[in-house]
Structure formats: structure tokens, C-alpha cells
Amino acid sequence: MKKLVIIFATLLSTTAFAQKLGHINSNELLQAMPERSTIEEDIKVYAQELETQLSTMTKEYQAKVQNYQSKEASMTDAIKQDKIQEITNLEERINKFQQTAQKDLQTKEEQLLNPVIEKARNAIEEVAKENGYTYVFDSGVGVLLYQRDSDNIMPLVKKKLGLL
């Protein structure tokens, strides 16, 4: 009986240690992909377009403020209120544009990068499967990129802890 237990324990430990682990720096991989430079250039051009629009709006705002300040003494109260409202509206438009532009730039970047990231992810999974890796970690950010199908032991642990 003892021999059977020892043999079983040896087989179990050998199986546990036979798992093949791998790692890759996904940031380095993405930088090496030729599509990356084209995407970076596209994002740069788009960001410059947004910056140009913001610059135009800012110049308009500054001109209106200077115009108001230089003519404020000769304005009636009604005209002052109208000019202040006009400047305030433009200021709000500029703030809204900045927020929208930031979101648009992020969306554009994701839209362009997602296919490249997906291509890299698929290649990592294929290499892992072809070479018998159980787990592949991303050494650049410290996350698990690939794992073989396995049993989720969450229900068993919850049961053990009395959470079910």
C-alpha cells in the first residue's frame, strides 16, 4: 500500500512539474510589428488635426476676450452681457471639444491597434499550443496571456468557505 501511495505521489508531482511555462514581452513584440509605425503615424496626424482645430478655437477666444476688454468701457450693460455670454459659450465649446477630442483620439488609437494586438495574441496562442506550453506570461506587464483549458475550482473553494 505504501509503495502504491509513493508511486501515485511521484506521478502526481511529476505531472505537476511537467507543465511548460513561457514568457514574452508583448510591448517589445508590438514595437517589432511593421504595422505599428504606420499606426503611430496615423495617430500623430489625427492628433495634429485635433490640435489645429483647438488652436483655432483658442485664438478666436483670445481675440474675443481682448476685444471685450478694449471696448468694455464704451459698452452698454446689455452689450456687455451679450459679449460675456458669447465668450462664456465659446469657452464651454472649447472645453467640450477638448474632452471629445481626447475620447476621439483614444477611440482612434484603439480602433487602429486592436487588429494588431489581436494578431499578436493569436500568434502567441498558436505558438503556445504548437510547443506544448501550459502557461505564457507577459514579462512586460506581468499578466497571464495564455493558459490551457482547465477546471475552474471557484465553486469548490466557495463551498469550502461556506459561500454557496
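The values are calculated or read from the model by the stated rules, or taken from the named source; none is laboratory data. None of these values were measured; they are calculated from a predicted model. For neighbour counting, all protein chains shown are included, and Cβ atoms are generated from backbone atoms with ideal geometry for every residue, glycine included.
Points worth noting:
- Residue within region 129-149 that is exposed (fewer than 14 other Cβ atoms within 10 Å of the Cβ), within 26 Å of residue 41 (Cα to Cα) and free of Cβ contacts under 8 Å to residues at least 24 places away in the same chain present: no
- If the condition is being among the β-branched types (Val, Ile, Thr) and either buried (at least 16 other Cβ atoms within 10 Å of the Cβ) or more than 12 Å from the chain's Cα centre (by Cα) (or both), then region 98-120 contributes 100, 116.
- Restricting the first member to region 25-44 and to residues that are under 13 Å from residue 111 (Cα atoms), and the second to residues that are among the basic types (Lys, Arg) and modelled with pLDDT of 90 or more, the beta-carbon pairs closer than 7 Å and six or more apart or on different chains are 43/108.
- The lone criterion from (1) surrounded by 10 or more Cβ atoms within 10 Å (Cβ to Cβ); (2) in a loop (DSSP other than H, G, I, E, B); (3) free of Cβ contacts under 8 Å to residues at least 24 places away in the same chain; (4) not aromatic (Phe, Trp, Tyr) left unmet by residue 123 is number (2).
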